[in-house]
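Here is the structure we will look at, set down as structure tokens.
The values are calculated or read from the model by the stated rules, or taken from the named source; none is laboratory data. These numbers come from a predicted model, not from an experiment. In this analysis, Cβ positions are derived from the backbone assuming ideal geometry, glycine residues included, and neighbour counts consider all displayed protein chains. Protein only, heavy atoms only, side chains kept; ligands, DNA and RNA dropped before computing areas. Shrake-Rupley method; radii C 1.70, N 1.55, O 1.52, S 1.80 Å.
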Amino acid sequence: MLTLDEVTITQDDFTLRADFRINAGARVAIIGPSGAGKSTLVGAIAGFVPLAQGRVLWEGARIDTLPPAKRPLSILFQDNNLLPHLTVFDNVALGVNPNLRLSAPQRASVLHALEQVGLEGFETRKPAQLSGGQISRTALARVLLRARPLIVLDEPFAALGPALKAEMLDLVEGIAAQNRATVLMITHDPEDARRLCPETIVVARGETQGPTPTDVLLADPPPDLAEYLGHS
Amino acid sequence: MRFPSFVAGALAATALITPVQAQTPQLRVLTYDSFISDWGPGPAIEAAFEANCGCDLVFESAGDGAAMLARLLLTGERSTADVVLGLDTNLTHAAEASGLFAPHGQTPDLEVPVAWNDPLFLPYDWSWFAFVYDTTRTENVPSSFDELIASDLSIIIQDPRSSTPGLGLLMWIEAAYPERAAEIWAGLAPRIVTVTPGWSEAYGLFLEGEADMVLSYTTSPAYHAIAEDNPNYAAAGFTEGHYLQVEVAGILANSSQPDLARDFIAFMTTDGFQSAIPETNWMYPAVMPESGLNPAFDALHVPEVSLLLTAEEAATQRDGALDVWREALAQ
Amino acid sequence: MIWRIEPKALLWAAVLVAAALVLVNLGALGAVISRSEHGATLTPADWAAARFTVTQALWSAALSVLLAIPVARALARRRFFGRGLLVVLMGAPFILPSLVAITGLLAVFGRNGLFNEALALLGIAPIRIYGLHGVVLAHVFFNLPLSVRLILQGWARVPAEHQRLSASLGFGAWARFRHIEAPMLTRVVPGALAVVFLICLTSFAVALILGGGPRATTLELAIYQAFRFDFDLGRAAILALLQAAIGAAALLILARLTLPDSGISGLDRTAPPPPGGLARLLDASSIAMAALFLLVPLTLVVLRGAPYILGLPAPVWLALWQSLKVATLSVGLLALMSAALTLAGLHRRWPEGLGMAALIASPMVIGTGLFILIHPISDPAHWALPVTAFVNAAMALPFALRALLPAARRAEADFARLSLSLGLSWRAHLRLVLWPRLRRPAGFALALGAALSLGDLGVIVLFAQTGGETLPMQMQRLMGAYRTGDAAGAALLLLIVALAGFVLVERLIGGRNADA
């Protein structure tokens, strides 16, 4: 279970308060107006944004004092998920051994992960030679391989077309199921939330609300969300 | 502050590993750069002196004559040199005032166009400053500063603040026209293409054809005649006379090898030293070597009047003359 | 927040480099002051020198950078046969000893130069190169290549995605300039201006030879004369302080003007094809003009030296060996110094400022000061090699940092979070994230250091004795011995070695295709 215990994040004159719990194995969307602090919130969970107050716990143990790599999560950013000068294989292998000194079984596991995301035969390519979908698949292969219990997605698929994005979300679902992982996903698109996440947290006016069931929320959104979603 | 002690330690360590040459005594001669260059008199003179002295002759170099004096004043009594070679009469006053020099005790028969009886400094070569030109390019050669001013010729000179010939020209005009220096400089200003930091830049530009004449020495054409077999360079003779440059050497009072130093100064006016001078330093020897001079030297212009301010005059007039120069050329 | 713990050793290395720089600078100046016998005041002539120094440096910087912009843009977006070679050759003037470059320039713009001969054919009166305009012309000749390189790096950092965007939106030349190029230029140009200004600030031989007389006295020349003509160490020190103050002011203005690099970056994709039509013509003529301006004098240097180079006397070849030793040591020191300051400078500003400050010191004061410091303890001749190598490295350090720091900070901005989230150790981060992004600028920086060291005729003159001569020293001596032919041969040798050294180091460190 992921717990944000009376967390306050302060950046300049912006303040965000968060206090919620997410059950292990849940898939939760984070939705809210632009600039409301969605990225700041997941940044705090992943370890890139300091907390002003409160605690972040995973399975009852405090994680906000740990450096990012020690936290039980994998995060995908909006961009720069791959190092442009490394091959697809090496970019994935970073998830197993950050020094890229891999044993034979580790190499096999990298190849297996690439196979699972449908990138067989792309091992030696550089990111510049990949399509947007293939870049996302490479990053997901690494998430799969790291097998952390929490997967945090900071809109990594925002740039993809609807069909491709749907494919990626299915891939995430598959990976989450395989690793029995909890998913936390920022999105702008209610359809994404419906597709992958039974629950949703709303971030608005410096606060978080939820998680609430996605269907219920979207069927009768609170005023802030309604405005954002374009419902009149 | 760990760094200074680290440096000091490193310095001390290097001092320790420096081989100590106890067997052969070392004579250190501070001189100017072009003297010790592979094309200067240094190598021949070193070989000739070492053949008999049972010592190791080491040259220390420092730019030109003035830079050498600056180095000497900088190191003062801690100077590692025994002999200083390459000062001229524009510098000897300051050198003498430093109190670092000891009498040389020599009385050779010098062939220098002025009487010489300086107890501290002994000449080893000399020449006259002059404007050198290419006879195939320049006609209507001026025979005085006034004619040069009236001509449409272009000249390159050196900065008196950074060059020996540059300072020589300053003194030349002071000596020839004590009352008219400002006027002469103002007249020369339009003729001057540029002022270079040193002799070699000026001479290089002149050879490139950047000007009709360059401030150099009456002996410069000998180089072209002898080394390049090119007789087409000459020095313009000026009726008011030419300023002399006399290059001298002296013994440092603090020398750790006073006997060797005296031997070297004595050696300086002998054939072993003097025969190397004319065709490496391209100056007149202070004592004519037995072999005489290459006939090309006979073709050189020999001024009828030699001008030379005493060391005291040169020292006292220098700063005023420099102001006049700067004033005239800054217009 | 920074989770990765920076190794203590790294910070200490940077502090040590900084301490060495500060101590050498202040120590040298202090040594000079300590030996001066009386205080000194600045004369009107000194103020005139300061004015001239600033004027010529401002003009030189402005023109070099202004002319470099179209050339860099053309080189950045065009690919043509021989482009790599052209980029390398066009860099040559910067690494040439000034005397060699001046001879090349005079062969074009001098009294009997090609340019005046062409004017004569057209019946136009000849131009005179001597004066402020000559000084500026020579400084532009030296610094245009450097400015092109610095701005070219700015262009290389414009993500291909932005260029694609501008192509896809059908941006015209003006829109492209306004939205894509101008924002990049506002980040790159102030740095380039400051670097050129600082280089020209300590100009010495160029200003005097081409300046035409005492009007063109720079501060560095005044310092030289204070040492050499007046033996007035107090005056030399106060002039050096004035010069440093002007340089420091320029650096402070630069610090206020420099904007942080924008956070967007690309994926190393290839850029879209460049615009055609008028832009193509503009690019072609920019490259042609720059090539003509830079390469014709260079060609003349080659032609004049060629008949003599094989017959050069043995001492010249020995000097070449000595120069290579100095340059190798200097590049090694430069690598250590710039690595320490770059890594320490990822999240701090002082290493950058300190590295740049090496530019504002007077080489003459440093050399003399070190001589004063070393002489009482040890024979300065034993120190010729390390002192020259260190001073050369310190001189090249500002250029190295200008190339390395922006690239390093960019890599850090782009990939620090990824590296942290994957738990890369500091060493892995260095090896897998920073180094691949820094290879190319590092290759350029060290290559520049090698070439600058090979062509430098600075402090070595104060320290070397017989047998320790470097190639530029021997060239100077050949000129001093009337041997202009051999001197031209030595100049050509120097040009070849400096260029070869540059290319070799750049390829070795920066990898292939390192020339952009």
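When restricted to residues that are within 24 Å of C:Gly110 (Cα to Cα) and either facing another protein chain (nearest Cβ under 10 Å) or of a type in the set (D, E, K, R) (or both), region B:207-232 contains 9. Annotation note: of B:Ala236, B:Ala266, B:Ala276, B:Ala253, the sole residue that is open to solvent by 50 Å² or more (accessible area, probe 1.4 Å) and at pLDDT 90 or above is B:Ala253. Among helices (runs of 4 or more DSSP H) entirely within region B:29-144, having at least 3 residues that are more than 10 Å from chain C (Cβ to nearest Cβ) and in contact with a helix residue (DSSP H, G or I) (Cβ under 9 Å, 6 or more places away or on another chain) singles out B:42-53, B:92-97.
Would you check if there is a residue in region A:26-36 being free of Cβ contacts under 8 Å to residues at least 24 places away in the same chain, touching a strand residue (DSSP E or B) at 6+ places or on another chain (Cβ under 7 Å), open to solvent by less than 40 Å² (accessible area, probe 1.4 Å) and not polar (S, T, N, Q)? No, region A:26-36 has no match at all. Only one of the listed residues (A:Ala158, A:Ala219, A:Ala177, A:Ala181) is open to solvent by less than 30 Å² (accessible area, probe 1.4 Å) and of a type in the set (Gly, Ala, Ser). That residue is A:Ala181. Yes or no: A:Leu82 assigned to a helix (DSSP H, G or I) and not charged (D, E, K, R)? Considered against the rule, which asks whether it is assigned to a helix (DSSP H, G or I) and not charged (D, E, K, R), A:Leu82 comes out as no.
Of all the residues in region A:162-198, those that are touching a Gly at 6+ places or on another chain (Cβ under 7 Å) and either assigned to a strand (DSSP E or B) or on the phi > 0 side of the Ramachandran plot (or both) number 2.
Examine region B:167-187 for a residue that is facing chain C (nearest Cβ under 10 Å) and at pLDDT below 90, and state whether such a residue exists. No: zero hits. For region A:39-63, which positions are within 16 Å of the chain's Cα centre (by Cα) and within 12 Å of chain C (Cβ to nearest Cβ)? Within region A:39-63, A:Ser39, A:Val42, A:Gly43, A:Ala44, A:Ile45, A:Ala46, A:Gly47, A:Phe48, A:Val49 qualify. Those residues that are open to solvent by less than 50 Å² (accessible area, probe 1.4 Å) and closer than 22 Å to A:Val172 by Cβ, I need them from region A:66-82; list them, please. Hits for region A:66-82 are A:Pro68, A:Ala69, A:Arg71, A:Pro72, A:Leu73, A:Ser74, A:Ile75, A:Leu76, A:Phe77, A:Asn80, A:Asn81, A:Leu82.
Note on region C:35-58: among residues that are of a type outside the set (Gly, Ala, Ser) and buried (at least 18 other Cβ atoms within 10 Å of the Cβ), the one that is modelled with the lowest pLDDT is C:Asp46. Would you say C:Val32 is part of a helix (DSSP H, G or I), within 22 Å of C:Leu137 (Cβ to Cβ), touching a helix residue (DSSP H, G or I) at 6+ places or on another chain (Cβ under 8 Å) and at pLDDT below 85? It is false that C:Val32 is part of a helix (DSSP H, G or I), within 22 Å of C:Leu137 (Cβ to Cβ), touching a helix residue (DSSP H, G or I) at 6+ places or on another chain (Cβ under 8 Å) and at pLDDT below 85. Here's a check for you: in region C:236-247, which residue that is open to solvent by 40 Å² or more (accessible area, probe 1.4 Å) and touching a residue at least 24 places away in the same chain (Cβ under 8 Å) is farthest from B:Asp88 (Cα to Cα)? Per the criteria, the residue is C:Leu241. For B:Arg326, the conditions (1) touching a residue at least 40 places away in the same chain (Cβ under 8 Å); (2) crowded, with 18+ Cβ neighbours inside 10 Å are fulfilled apart from (1). Against the conditions (1) buried (at least 22 other Cβ atoms within 10 Å of the Cβ); (2) in contact with a strand residue (DSSP E or B) (Cβ under 9 Å, 6 or more places away or on another chain), C:Pro351 satisfies every one except (2). Restricted to region A:136-155, and to residues there that are in a helix (DSSP H, G or I) and basic (Lys, Arg), the residue that is least open to solvent (accessible area, probe 1.4 Å) is A:Arg142.
Return yes when B:Thr24 is in a loop (DSSP other than H, G, I, E, B), among the β-branched types (Val, Ile, Thr) and open to solvent by 10 Å² or more (accessible area, probe 1.4 Å) and no when it is not. When the stated conditions are applied, B:Thr24 passes them. Of all the listed residues (A:Pro68, A:Pro50), the sole one being at pLDDT below 85 and touching a Gly at 6+ places or on another chain (Cβ under 6 Å) is A:Pro68. Scan region B:279-319 for residues that are of a type in the set (A, V, I, L, M, F, W, C), open to solvent by 40 Å² or more (accessible area, probe 1.4 Å) and within 16 Å of the chain's Cα centre (by Cα) and the total you get is 1.
Kindly indicate whether any position in region B:310-330 is outside any helix (DSSP H, G or I), within 14 Å of chain C (Cβ to nearest Cβ) and not hydroxyl-bearing (Ser, Thr, Tyr). Yes, because at least one residue in region B:310-330 is outside any helix (DSSP H, G or I), within 14 Å of chain C (Cβ to nearest Cβ) and not hydroxyl-bearing (Ser, Thr, Tyr).
Of all the criteria given as (1) outside any helix (DSSP H, G or I); (2) crowded, with 24+ Cβ neighbours inside 10 Å, the one not satisfied by C:Gly468 is (2).
Select from region A:88-122 the residues that are more than 12 Å from every other protein chain (Cβ to nearest Cβ), surrounded by fewer than 23 Cβ atoms within 10 Å (Cβ to Cβ) and within 26 Å of C:Trp426 (Cα to Cα) and list them in ascending order. Answer for region A:88-122, where residues must be more than 12 Å from every other protein chain (Cβ to nearest Cβ), surrounded by fewer than 23 Cβ atoms within 10 Å (Cβ to Cβ) and within 26 Å of C:Trp426 (Cα to Cα): A:Phe89, A:Leu102, A:Ser103, A:Ala104, A:Pro105, A:Gln106, A:Arg107, A:Ser109.
Tell me, which residue of region C:422-450 that is assigned to a loop (DSSP other than H, G, I, E, B) and of a type outside the set (A, V, I, L, M) is nearest to the other protein chains (Cβ to nearest Cβ)? Checked region C:422-450; the qualifying residue nearest to the other protein chains (Cβ to nearest Cβ) is C:Gly423.
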